[in-house]
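Nothing in this text is a laboratory measurement; each read-out follows from the coordinates by a stated rule. Computed from a predicted structure; not experimentally measured. Cβ: placed from backbone, ideal geometry, glycine included. Neighbour counts: every protein chain shown.
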Amino acid sequence: MRRESREKVFQTLFMMDALGVGPDEAIPLFTLTSAPPSDEKYYDETVRGVWEHREEVDALIRQAAEHWRLERMALVDRNILRLGAYEICRSADVPFVVAINEAVDLGKRYGSEESGAFINGILDKISELSAKKKEKA
């Protein structure tokens, strides 16, 4: 149930990035062309959460992705990373390992041959950074 909804979150984030629109425009547009997510609450909260915290999420990705500019990343990889980073840092009910594995699976399904390993490496580093940040708090 959550996996299917997570995939729809990624697809909506991708559409938002490609079209340059926010969730208020993207969510109704996406649901016009797709069956509603099985976990609508998770879908809506996550799409809006990634959007609201995109500066923080993008900063984490930039910090973890040494030698890679966010703007130069493939659209697929960038939005899967945003979803994964958001879940690692902001979703108390999603363990790091689940967020990373789900993101890697999305990367393998929608990205290039290298996407899974690329996403895994960056999200692993983000999970380390996030764990250190929580230790200090």
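Taking Cα atoms, how many degrees apart are the long axis of helix 75-90 and the longest axis of the chain, rounded to 10 and kept between 0 and 90?
So the helix axis and the longest Cα principal axis differ by about 70 degrees.
In sequence order, what are the phi-derived ³J(HN,Hα) couplings for the stretch 53-59 according to the Karplus relation 6.51 cos²θ - 1.76 cosθ + 1.60 with θ = phi - 60°, rounded to whole Hz, with x for glycine and proline?
So the J values, rounded to whole Hz, are 10, 4, 5, 5, 5, 5, 5.
On full extension of the chain, what length is gained from E4 through K132, given 0.36 nm per residue of separation minus the C-alpha to C-alpha distance? Before the final figure, lay out each step's value.
Numbers: separation 128, 0.36 × 128 = 46.08 nm, distance 3.06 nm.
Working it through step by step, the gained length comes to 43.0 nm.
What angle do you read, to the nearest 10 degrees and between 0 and 90, between the alpha-carbon axis of helix 96-110 and the longest principal axis of the chain?
Once rounded, one gets 60 degrees.
Counting residues in the stretch 2-136 as N, plug N into 2.2 N^0.38 Å and put the Cα Rg over that result.
On the way: Rg = 13.8 Å, N = 135, 2.2 N^0.38 = 14.2 Å.
Ratio of Rg to 2.2 N^0.38 Å for the stretch 2-136: 0.97.
Taking only Cα atoms, what is the 0 to 90° angle, nearest 10, from helix 115-136's long axis to the longest principal axis of the chain?
70 degrees
How big is D for the stretch 31-71, in µm² s⁻¹ as a whole number, if Stokes-Einstein is applied with the Kirkwood radius of its Cα pairs at 20 °C and 1.002 mPa s?
The diffusion coefficient I find is 176 µm²/s.
Say a paramagnetic label sat at a point 7 Å from the Cα of D105, along Cα to Cβ; which residues of the stretch 1-37 have their backbone N under 14 Å from it?
1-10
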